[in-house]
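A.B. asks: Questions regarding the structure given below will be posed in turn.
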Amino acid sequence: MNRLRTFISQHTAIVLSGLVTLCVAILYLSIAQTRLSNANFGGDGGDFLAAVLTRGIPHPTGYPTYTLLGILFQMIPLSTPVFRGALESVIPVAIATGLLTGWVLYVTGSKSGSYLVAATVAGSAWGVAPLLVSQAVIVEVHGLQSLITVMVLWWITLNLHVEPGQNKKYIYILSFLVGLGIGNHATIALISPAALITLIYSARHSGSWKFILTELILALAGMLVYIYLPLSARSFPPINWGNPQTLAGFIWEVTGNPYRGLLFSTNTTALWERLRSISSLLLDQYGALGLIAGALGAILFSFQTKWLRWVLLWIFFAYTAFAIGYQTKDSVGYMLPAILVYAIWIGLAVPSIWNLNWKRAPIGYIMIGVLLLSIYVRVPGTRERVDTRAQDQLAQYAEQFLQDAPINAIVNTTTDQDSFPLWYYHFGLQMRPDLRIVVLPLTQFVWYQETLVHIYPDLNLPTVYSQDQPNADWGQQIQSLNPGRPVCNTKVTSKAETGVEYRCSNP
């Protein structure tokens, strides 16, 4: 027992961070996705899983870090491929909450009671925030992105605190991991202005530009993960967005070419509506008490290094602006770094109110207790709200369709919702290999035409275009060129129980 007490006293940050990680991991595992679902904006799960299982390339920006890590997670002998894909969110998010807890202890520079509670409040508040929980339990990139965001925050912080002659091995490791992180989601680049200022400050403070150059080289080394895209494309996997074995295809893929028009294309009316939604989102994450505490922490707490205040403000407003300006239904996911920052501010309010007394009554302790209670009392409701296990309509649709579809049918799909689930079962699980799935909107792209030529050599296909031709009828010609095959057409509809209808006809 004495040894345990000694270990805890000497490794307070590790123990506290580990406890937070363990608690949120138990929460996430209890509701982690086991079947395909579009719950929590998880409709891209079929695309990601199909790409992972076929060593292919998911939709732009390619997500090579996520894909390669997903391949490793699929080697875990547990449950279903969907659950193993969800673990790629569960584990990184749980680790991220622990790292955030340790970060608060590090930047406050104290292990006194108020700062231990502050760290616990920050890590717990973020770990049980409904938006984070919703992304921690599904097959999506935002869970891993949350871990990368915390690592970037650690990297910035260690650079701001570096001293001449100090051992920099942790900074070097984080530099490489930050580079890998860019291979998960390109939005991590939104932190680059803060990172650039940090590097300049660090170089001047440490007196070593060689140190900074080493960091940049290691970050670039991490970014070499993008080599996976052209290497994978060379084998023409069935999921081969952009066919990035060519330079043009690589640029198309990694720059998110199809989605550029969605950025800051929101009209004025919709913009104001999104602003109101963001305000409601923050209230939904932390409640009224959390909002008040976060505002107090942001205003009252003074960091030992003043730049950290501005780094947090930049992250909060940069990601908030991006989420508002990106015109998709699931853009709320890009608010996670901002939600993280607000959790930090909530935690940092604790030292400011810790010693408040009124007529010898420990008002500060009472306020902190009420704050903690307001965070934890919301957990059951959050768990029920984001539970994906009862929302498996996409799996039901795909399984029923594969059971009903006639042999050797050509299947024409039109959207992500009716295409990605079939990709997962057909390509990922190799079910119904006799079917030929054609996503009609993608047939305007040369890369997709070339992919179909390679994966379905038995189909009679039109001549591949020399360049992309929007609104062309390349896909519609396939049916007439293969008159002996049945044809199935799927249609997304809110009236159907599964959200997708389909109709098949024999030749």
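A.B. asks: Tell me which of these residue 212 doesn't satisfy, since it passes every other one: (1) closer than 18 Å to residue 56 by Cα; (2) free of Cβ contacts under 8 Å to residues at least 40 places away in the same chain.
C.D. replies: For residue 212, the exception is condition (1).
A.B. asks: Residue 138: part of a loop (DSSP other than H, G, I, E, B) and in contact with a Gly (Cβ under 6 Å, 6 or more places away or on another chain), yes or no?
C.D. replies: Yes.
A.B. asks: Hey, among 427, 401, which residue is of a type outside the set (Ser, Thr, Tyr), within 31 Å of the chain's Cα centre (by Cα) and at pLDDT below 95?
C.D. replies: Within the list 427, 401, the selection yields 401.
A.B. asks: Tell me whether the range 237-257 contains one or more residues that are under 25 Å from residue 169 (Cα atoms), touching a residue at least 60 places away in the same chain (Cβ under 8 Å) and either part of a helix (DSSP H, G or I) or out of contact with any Ser or Thr (no Cβ under 8 Å at 6 or more places or on another chain) (or both).
C.D. replies: Checked the range 237-257: no residue is under 25 Å from residue 169 (Cα atoms), touching a residue at least 60 places away in the same chain (Cβ under 8 Å) and either part of a helix (DSSP H, G or I) or out of contact with any Ser or Thr (no Cβ under 8 Å at 6 or more places or on another chain) (or both).
A.B. asks: Of all residues in the range 177-190, count the ones that are open to solvent by less than 10 Å² (accessible area, probe 1.4 Å) and small (Gly, Ala, Ser).
C.D. replies: 3
A.B. asks: Could you check the range 191-209 and list, in sequence order, the residues that are touching a residue at least 12 places away in the same chain (Cβ under 8 Å) and open to solvent by less than 60 Å² (accessible area, probe 1.4 Å)?
C.D. replies: 191, 193, 194, 195, 198, 199, 202, 206, 208
A.B. asks: Among the residues of the range 354-378, write down those that are among the aliphatic types (A, V, I, L, M) and touching a residue at least 60 places away in the same chain (Cβ under 8 Å).
C.D. replies: Of everything in the range 354-378, those that are among the aliphatic types (A, V, I, L, M) and touching a residue at least 60 places away in the same chain (Cβ under 8 Å) turn out to be 368, 370, 371, 372, 375.
A.B. asks: Turning to a different aspect of this structure: What are the residues in the range 461-505 that are modelled with pLDDT under 85 and part of a loop (DSSP other than H, G, I, E, B), if any?
C.D. replies: Of everything in the range 461-505, those that are modelled with pLDDT under 85 and part of a loop (DSSP other than H, G, I, E, B) turn out to be 471, 472, 493, 494, 495, 496, 497, 498, 499.
A.B. asks: If you don't mind, another one. Could you go through the range 362-379 and let me know if any residue there is surrounded by 14 or more Cβ atoms within 10 Å (Cβ to Cβ), under 30 Å from residue 46 (Cβ atoms) and modelled with pLDDT under 90.
C.D. replies: No, every residue in the range 362-379 fails to be surrounded by 14 or more Cβ atoms within 10 Å (Cβ to Cβ), under 30 Å from residue 46 (Cβ atoms) and modelled with pLDDT under 90.
A.B. asks: Would a scan of the range 130-143 turn up a residue that is over 26 Å from residue 353 (Cβ atoms) and in contact with a Pro (Cβ under 8 Å, 6 or more places away or on another chain)?
C.D. replies: Checking the range 130-143: at least one residue is over 26 Å from residue 353 (Cβ atoms) and in contact with a Pro (Cβ under 8 Å, 6 or more places away or on another chain).
A.B. asks: Shifting gears a bit: Which residue is farthest from residue 145 (Cα to Cα), if the candidates are limited to the range 158-176 and must be open to solvent by less than 50 Å² (accessible area, probe 1.4 Å) and in a helix (DSSP H, G or I)?
C.D. replies: It comes out as 160.
A.B. asks: Taking the condition surrounded by fewer than 16 Cβ atoms within 10 Å (Cβ to Cβ) and touching a Leu at 6+ places or on another chain (Cβ under 9 Å), does residue 263 pass?
C.D. replies: So residue 263 does not fit the description; no.
A.B. asks: Determine whether residue 475 is under 15 Å from residue 413 (Cβ atoms), among the small types (Gly, Ala, Ser) and either open to solvent by 40 Å² or more (accessible area, probe 1.4 Å) or in contact (Cβ under 8 Å) with a residue 24 or more places away in the chain (or both).
C.D. replies: Yes; evaluated as a whole, the condition is true for this residue.
A.B. asks: A further question on this structure: With the condition kept exactly as written, say whether any residue in the range 69-78 is in contact (Cβ under 8 Å) with a residue 40 or more places away in the chain, over 28 Å from residue 224 (Cα atoms) and surrounded by fewer than 21 Cβ atoms within 10 Å (Cβ to Cβ).
C.D. replies: Looking for residues that are in contact (Cβ under 8 Å) with a residue 40 or more places away in the chain, over 28 Å from residue 224 (Cα atoms) and surrounded by fewer than 21 Cβ atoms within 10 Å (Cβ to Cβ), one finds none in the range 69-78, hence no.
A.B. asks: Just the residues that are under 23 Å from residue 431 (Cα atoms) and either surrounded by fewer than 24 Cβ atoms within 10 Å (Cβ to Cβ) or in contact with a Gly (Cβ under 8 Å, 6 or more places away or on another chain) (or both), please, taken from the range 57-66.
C.D. replies: The answer is 57, 59.
The values are calculated or read from the model by the stated rules, or taken from the named source; none is laboratory data. All of these numbers come straight from a predicted model, not from anything done at the bench. When we count neighbours, we look across all protein chains shown, and the Cβ atoms used for this are built from the backbone with ideal geometry, even at glycine. These accessible areas exclude ligands, DNA and RNA; they are computed on the full protein's heavy atoms, side chains included. Shrake-Rupley method; radii C 1.70, N 1.55, O 1.52, S 1.80 Å.
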